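One structure below.
The values are calculated or read from the model by the stated rules, or taken from the named source; none is laboratory data. If you're wondering where the values come from, they're calculated on a predicted model, not measured in any experiment. When we count neighbours, we look across all protein chains shown, and the Cβ atoms used for this are built from the backbone with ideal geometry, even at glycine. Each accessible area value is taken on the protein alone, full model and side chains, heavy atoms only, with ligands, DNA and RNA left out. Shrake-Rupley method; radii C 1.70, N 1.55, O 1.52, S 1.80 Å.
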Protein chains: 2
Amino acid sequence: MDNLLKYIRSLTSFSDRSWELLQPVLTKKEFKKNELLLRQGQVCNSLFYIDNGYCKSYYEIDGVVKNTGFFFENEIATNINSFGDGQKSEFNIVACEPLTTIIFNKDKLFQTAQQANEIETLGRNCIRLFATKQEEFSTLFKLYSAQERLEYLEVKHPEILQRVSLSQLASFLGVARETLSRIRKRRVLE
Amino acid sequence: MDNLLKYIRSLTSFSDRSWELLQPVLTKKEFKKNELLLRQGQVCNSLFYIDNGYCKSYYEIDGVVKNTGFFFENEIATNINSFGDGQKSEFNIVACEPLTTIIFNKDKLFQTAQQANEIETLGRNCIRLFATKQEEFSTLFKLYSAQERLEYLEVKHPEILQRVSLSQLASFLGVARETLSRIRKRRVLE
DNA sequence: TCAGACCTGTGATAAACGTCACATAATTAT
DNA sequence: ATAATTATGTGACGTTTATCACAGGTCTGA
């Protein structure tokens, strides 16, 4: 839980009292590699704080897997739309490695947040980080070519390139696996 | 202010008392067509509730304008990253029509939110909507081709196609103006 | 240690797209 | 009303990308 407390305090001021109040909201949970955190069609009632390992969100359309996000240590993974609105999720979240998470239960979180403003503020800040990340990757496609998107990741998010295989990365970058392989080859030669 | 109150109450329970407390946070402001709401390099200290008209966010890179978002009535326009973190904005927001907005002042909003939990919850929900929208458009690029992205807008966001010119829409969809023109022609003939 | 699954690279080919050039609306300003 | 500006359509051409096919490499579990 140490990592989580540090993470929270990097976002917002958080008293020991708030941390105590938050405890009943939290559950530690481990996932095996390839185990699902969230399944398409389910409603997402959790925020998954990633303590160790990483996971990804993906759509499965006509049997083809399309990766839409990767989530590493000290990030929150969730379906923000499903979590907020109670709608069924259109995508899956799966552990890409053995994964240790701390789960925020939605109902308990909302109850507790009504009583403790610091917890409400924490929730706002978690969502803000999530929104910032989405905006960042959304903008990539509007500003840059496939090769430039790869270069952007090399500079700004090298951890993704180090830990995610080329095949997995391709759909996230919006190109075919073969194309990404060729782009990478060009980059090495240049 | 009527529209704003309805908007707020569609998001979260909001007492008359909270609405009173919120008043000092709010300022009505009109923008002329092509007037900037936010300039690149500035820090964003406002949430712009769109009461009437619409605006867009855009990057200007090597003299070329790239549109990244459109914001219509009953939406909040802002730079979520700049607003939350105090970083300088990398993009502009400009009125595309004569625009009526209600501005939330950041400092006053945060002060007031500390005293009234309903206002903190409102902030969380506004950001949540923002995150959901970003995620939606980010996913489009990973799942669909340019033509499919256009079809998606036709079904899910026809208001964008009705109000935004083809040239403006092109960079938002991540294609050249000429390509979008040809895609549209194909769609009409099919 | 061996088979099966997954990952990466590469060639061939067709399709999609970007860019430049220019013509023709449509809109706006004077 | 008319000129200027902006928006759209279209052809030509080169570049980038998707798709299919297949070979070789790596990892993993029986």
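Under the criterion of Cα pairs below 8 Å and six or more residues apart, the relative contact order for chain A equals 25 percent. With Cα atoms defining each centre, segment B:117-142 and segment A:78-95 are spaced 13 Å apart in the structure. From the residues B:Ile183, B:Thr68, B:Phe31, which one has its Cα farthest along the dipole of chain B in the positive direction, the dipole being from +1 and -1 charges on Cβ of Lys/Arg and Asp/Glu about the Cα centre? Checking the options against the dipole of chain B, the answer is B:Ile183. Take each residue of peptide A:77-83, count the partner chain Cβ atoms within 10 Å of its Cβ, and average: the result is 3. Placing +1 on the Cβ of every Lys and Arg and -1 on the Cβ of every Asp and Glu, with no other charges, gives segment A:45-133 a dipole of roughly 160 debye about its Cα centre.
To the nearest hundred square angstrom, how large is the accessible surface buried between B and A, total for both chains, probe 1.4 angstrom? Buried area between the two chains comes out at roughly 3300 Å².
What would the Debye formula give as log10 I(q)/I(0) at q = 0.06, 0.07, 0.12, 0.14 Å⁻¹ for the alpha-carbon point model of the protein assembly as shown, no solvent? Values, matching the q order: -0.24, -0.33, -1.01, -1.36.
Rolling a 1.4 angstrom probe over the protein heavy atoms with all chains in place gives segment B:84-190 an accessible area of 47 Å² per residue.
Short version: which residues of segment A:124-153 lose at least 30 Å² of accessible area, all chains versus chain alone, 1.4 Å probe? Buried-area filter returns A:Arg124, A:Ile127, A:Arg128, A:Ala131, A:Thr132, A:Gln134, A:Glu135, A:Ser138, A:Thr139, A:Phe141, A:Lys142, A:Leu143. The spread of Cα positions in segment A:1-99, taken along each principal axis and listed from longest to shortest, comes to 49, 29, 20 Å. Normalised by the number of residues in segment A:1-109, the mean separation of alpha-carbon contacts (under 8 Å, six or more apart) gives a relative contact order of 41 percent. Kirkwood radius, chain A, all distinct C-alpha pairs, inverse of mean reciprocal distance: 17.8 Å. As a fraction of the 1.4 Å probe accessible area of chain B, surface on carbon and sulfur atoms comes out at 46 percent. Dividing the helix sum by the residues of chain B, where each DSSP H run of 4 or more adds -39500 (n - 2.57), gives a mean residue ellipticity at 222 nm of -15500 deg cm²/dmol.
Two numbers describe the Cα atoms of segment A:108-190: Rg and Dmax, which are 18.0, 59 Å.
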